[in-house]
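Note sheet for the following structure.
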Amino acid sequence: MNPKVLLMDEPLSNLDARLREDVRGRIRDLAKQLGATVLYVTHDQIEAMAMADKIALMSLGELLQYGSPMDLYRSPNCAEVAEFFGSVNWLPGRRVEANLVETRIGRFRTSSDADPGTEVFVGFRPECIQYAEPVDAKNENTFEARLTSSVFLGDQFVYDATAGNIPLTGKSRTVPTTHGDMLSLRVMSDDVMVFAADEKNTTFVNSVGKQG
């Protein structure tokens, strides 16, 4: 038929994980060969990122953000978009300078600017947490956390830790300590997401926290 536009509504939902990965690559290659535009509906963020040139993320009939997979992953415009594309560690905070946020576990320098004094949410992904030298209380973007658990997944460890009674999740190739020990951790300013503590973001972040 060689259609110019093709709609696919979750075509891979009944396939197992390995077969789904193979077929989605074949669909993308075929669409490129035919020069067709494919409107592909999915609830799987990995599938969306693997297949799409552009993603339109919708929630309850509202378009939240449109852009490339990298745009939506690295520069989400709200907490809900950030959370859809992977786990996020959330911290309530307050801007003390245009690009400096005070939180319960320390101060975080950010790459975004806004008016000081505003209430915000700081977010960073598990893979953005790095091991650091022992923390100096004056250091920005560094904090201490107590390791509570870890799971080995072959290519990485996923670990849980608490900092100031706030639960956090990290990912690393190694976990160089035992459960109950303290970790010195840091997050680079470019990896810190900051969202206004408006009604929408506050409701969403609080609901995620309760689920966790």
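The values are calculated or read from the model by the stated rules, or taken from the named source; none is laboratory data. It should be emphasised that the depicted structure is a prediction, and the values quoted were computed from it without experimental measurement. We place every Cβ from the backbone using ideal geometry, glycine too, and count neighbours over all the protein chains shown.
Which count do you get for residues in the range 145-160 that are touching a Lys or Arg at 6+ places or on another chain (Cβ under 6 Å) and closer than 15 Å to ASN89 by Cα?
First pass over the range 145-160, keeping only residues touching a Lys or Arg at 6+ places or on another chain (Cβ under 6 Å): 156, 158.
Those still in the list that are closer than 15 Å to ASN89 by Cα too: 158.
Final tally of qualifying residues: 1.
For the range 88-104, which positions are touching a Gly at 6+ places or on another chain (Cβ under 9 Å) and either assigned to a strand (DSSP E or B) or modelled with pLDDT under 95 (or both)? Working first, answer last.
Let us first name the residues in the range 88-104 that are touching a Gly at 6+ places or on another chain (Cβ under 9 Å), namely 88-91, 94-96, 101-104.
Within the range 88-104, ASN89, TRP90, LEU91, ARG94, ARG95, VAL96, VAL101, GLU102, THR103, ARG104 qualify.
Just to be sure I understand the filter: pairs with C-beta atoms under 7 Å, separated by 6 or more residues or on different chains, first member in the range 99-124 and over 22 Å from GLU199 (Cβ atoms), second member of a type in the set (Ser, Thr, Tyr) and crowded, with 18+ Cβ neighbours inside 10 Å. Which pairs pass?
Listed pairs, sorted by first residue: ASN99/THR110; GLY106/THR142.
Spot the failing condition for ASP190; the list is (1) closer than 15 Å to PHE121 by Cα; (2) part of a helix (DSSP H, G or I), and only one is missed.
So the condition that ASP190 fails would be (1).
Yes or no, residue by residue, for (1) surrounded by 15 or more Cβ atoms within 10 Å (Cβ to Cβ); (2) of a type outside the set (D, E, K, R); (3) under 28 Å from ASN206 (Cβ atoms):
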residue: MET8; (1), (2), (3): no, yes, no
residue: ALA17; (1), (2), (3): no, yes, no
residue: ASP22; (1), (2), (3): no, no, no
residue: LEU34; (1), (2), (3): no, yes, no
residue: VAL38; (1), (2), (3): yes, yes, no
residue: GLU47; (1), (2), (3): yes, no, no
residue: ALA56; (1), (2), (3): no, yes, yes
residue: GLY67; (1), (2), (3): yes, yes, yes
residue: PHE85; (1), (2), (3): yes, yes, yes
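So which residues in the range 59-87 are assigned to a helix (DSSP H, G or I) and not charged (D, E, K, R), if there are any at all? Show your work before the answer.
Taking the range 59-87 and keeping what is assigned to a helix (DSSP H, G or I), we get 69-74, 79-84.
Hits for the range 59-87 are PRO69, MET70, LEU72, TYR73, ALA79, VAL81, ALA82, PHE84.
Which of the residues that make up the range 1-54 are closer than 25 Å to GLN65 by Cβ and in a loop (DSSP other than H, G, I, E, B)?
GLU10, PRO11, LEU12, SER13, ALA36, THR42, HIS43, ASP44, ALA52, ASP53, LYS54
Does THR178 count as under 20 Å from PRO134 (Cα atoms) and out of contact with any strand residue (DSSP E or B) (no Cβ under 7 Å at 6 or more places or on another chain)?
Values: under 20 Å from PRO134 (Cα atoms): yes; out of contact with any strand residue (DSSP E or B) (no Cβ under 7 Å at 6 or more places or on another chain): yes.
Against the criterion (under 20 Å from PRO134 (Cα atoms) and out of contact with any strand residue (DSSP E or B) (no Cβ under 7 Å at 6 or more places or on another chain)), THR178 qualifies.
Output the number of residues of the range 105-119 satisfying the condition of being of a type outside the set (Ser, Thr, Tyr), in a loop (DSSP other than H, G, I, E, B) and closer than 19 Å to PRO76 by Cβ.
Of all residues in the range 105-119, those of a type outside the set (Ser, Thr, Tyr) come to 105-109, 113-117, 119.
Next, from what is left, pick out any that are in a loop (DSSP other than H, G, I, E, B): 105, 113-117.
Now drop any that are not closer than 19 Å to PRO76 by Cβ, which leaves 113-114.
Number of matching residues: 2.
For the range 105-118, name all the residues that are among the hydroxyl-bearing types (Ser, Thr, Tyr) and either modelled with pLDDT of 95 or more or under 19 Å from the mean Cα position of the chain (by Cα) (or both).
From the range 105-118, those among the hydroxyl-bearing types (Ser, Thr, Tyr) are 110-112, 118; that's our starting set.
THR110, SER111, SER112 - these are the residues of the range 105-118 that are among the hydroxyl-bearing types (Ser, Thr, Tyr) and either modelled with pLDDT of 95 or more or under 19 Å from the mean Cα position of the chain (by Cα) (or both).
Can you work out which of the residues in the range 125-178 that are small (Gly, Ala, Ser) and surrounded by 15 or more Cβ atoms within 10 Å (Cβ to Cβ) is nearest to MET193 (Cα to Cα)?
So in the range 125-178, the residues small (Gly, Ala, Ser) come out as 132, 137, 145, 149-150, 154, 161, 163-164, 170, 172.
Now drop any that are not surrounded by 15 or more Cβ atoms within 10 Å (Cβ to Cβ), which leaves 132, 145, 150, 161, 163, 170, 172.
Working: ALA132: 20, ALA145: 20, SER150: 25, ALA161: 20, ALA163: 18, GLY170: 16, SER172: 20 Å.
So the residue we want is GLY170.
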